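To keep things clear, I will list the structure first and then write my remarks on it.
No lab work stands behind these numbers, since they all come straight from the coordinates. Bear in mind that the values here come from a model prediction, so they are computed numbers and not experimental data. Here the Cβ is made from the backbone with ideal geometry for all residues, glycine too, and neighbour counts use every protein chain on show.
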Amino acid sequence: MSLAQFFRDNPGIRYIMFGGKGGLGKTTFSAAAARWLADRGHRVLVFSVDPQASLSDIFERDIFGKGEVEIAPNLYACEIDADRRIAEYQEEVRQKIRDMYGMDQIPDEIENYIRAASAEPAMEESAIFDQVVDIVVKGGYDYYIYDLVPLGHALYYLSMASVYDAWITKITGLREEMRKYDAVVATIRREKETEEDRILNELVYIRDRINKSSSILTDPQRTAFFFVVTPEEMVIEDTVKAAGLFSKYEVPIRGYVVNRVVPPALLEQDIPDYLRNRILMQKGNMERIREEFAGRILAEVPEMERDIRGMAMIEKMAGVLFGN
Ligand SMILES: Nc1ncnc2c1ncn2[C@@H]1O[C@H](COP(=O)(O)OP(=O)(O)OP(=O)(O)O)[C@@H](O)[C@H]1O
Ligand SMILES: [Mg+2]
């Protein structure tokens, strides 16, 4: 089974994720897969929530916070600016309060609350999550490739239940804060019930969006999650653990890609000791990988002559990854 075969056999797949520990090749494979699918006439969006601006690096284009940027025919890339999204939220909340309560000025207490809420880590996560939902719900592409952050974080995004919780906490917190003003405001505006309804509607709207995107992300017909591993002991161990955890969240793990394999054929040549030792070390770990992930390895990618940056290298990587 190869990656190319996988996509031929599973034409319904729309959402693709490469997951794994830091620095193993997630962004590299996301870009390579995007290129390969775009070359086959599919409209592809590869997007990232990583503030490290990794897609900008690999495509050698500054796309951070610029929306969906066309990189090549059929190939679009997007790097989400979470901070901007949070600023937009804050303004949205202020506007809602102004509208609901007919206030011109946001009371200090509420303003402080809005600021404090925005500083919560959960806020950044939900800002990112919300933008991802926007992108996915909006449609317009044949494939969405989600360039994930390293494992721990990725799990957070994938555990929709906790993201949902964060949302609800945020919203209900705000609601409680507003309730303090209700007594005063009710006497002026007699709109208590209407306001409650609106908040409820908002919650229902959010819940629907989250349910929708969560059902997309855990739908094995539409989503494929691939683990990136390298032939290193710690990486293998962490991957096995993570795979167990991901299964619990019903993430449809569809295969493993082994990266940075130094070709064993080099042993025949006159090579320096460090390289010889590395190959021997990898050999043992490759055996373990083939055992542990038997039948689910979709590609073994060699160590390349240099890092993968720019379209020529991405294309080369795509060829290797998909086995052309
Ligand atoms: N097969 C390979 N041969 C040579 N260099 C590689 C290979 N795969 C990845 N690299 C290089 O390794 C570095 C890390 O790769 P990449 O950025 O894709 O990892 P990542 O998993 O996205 O990292 P992060 O967790 O930080 O997002 C990059 O410089 C990339 O070019
Ligand atoms: Mg990356």
Can you work out ³J(HN,Hα) from phi for every residue in the stretch 309-317, in order, using Karplus 6.51 cos²θ - 1.76 cosθ + 1.60 and θ = phi - 60°, giving whole Hz and x for Gly and Pro? 8, x, 4, 5, 5, 4, 5, 4, 4
Test of understanding: what is the full-extension gain from residue 109 to residue 277, defined as 0.36 nm times their sequence separation minus their Cα-Cα distance? 54.2 nm
Considering the options 95, 77, 64, tell which one lies farthest towards the positive end of the dipole of the stretch 1-104, charges being +1 on Lys and Arg and -1 on Asp and Glu at the Cβ, about the Cα centre. 77
Can you tell me which of 140-147, 61-68, 266-273 comes out highest on packing, and rank the rest after it, using the mean Cβ neighbours within 10 Å? 140-147, 61-68, 266-273
Give the peptides 220-231, 89-100 in descending order of average Cβ contacts within 10 Å, highest first. 220-231, 89-100
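For residue 307 and residue 70, compute 0.36 nm times the residue count separating them, minus their Cα-Cα distance, and round to one decimal in nm.
Fully extending the segment from residue 307 to residue 70 adds 83.0 nm.
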Which whole-Hz couplings ³J(HN,Hα) result when phi for each residue of the stretch 287-292 is put into the Karplus expression 6.51 cos²θ - 1.76 cosθ + 1.60, θ = phi - 60°, listed in order with x for Gly and Pro? 4, 4, 4, 5, 6, 4
Ranked packing of 288-301, 2-15, 248-261, most packed first, by mean Cβ within 10 Å: 248-261, 288-301, 2-15
Treating only the Cβ of Lys, Arg, Asp and Glu as charged (+1, +1, -1, -1), what charge dipole size does the stretch 249-292 show about its Cα centre? Round to the nearest 20 debye. 80 debye
Subtracting the Cα-Cα distance of residue 296 and residue 221 from 0.36 nm times their residue separation yields 25.3 nm
Once Rh for the stretch 1-152 is found with the Kirkwood sum over Cα pairs, what is the Stokes-Einstein diffusion coefficient at 25 °C and 0.890 mPa s, in µm²/s? 143 µm²/s
At R0 = 51 Å, how high is the FRET efficiency between residue 267 and residue 205 if r is their beta carbon distance? Nearest 0.05 is fine. 0.25
Neighbour net charge for residue 39 - beta-carbon separation under 13 angstrom, K R +1, D E -1: +2
Among residues other than residue 73 whose Cβ falls under 12 Å from its Cβ, what is the net charge (Lys/Arg +1, Asp/Glu -1)? +1
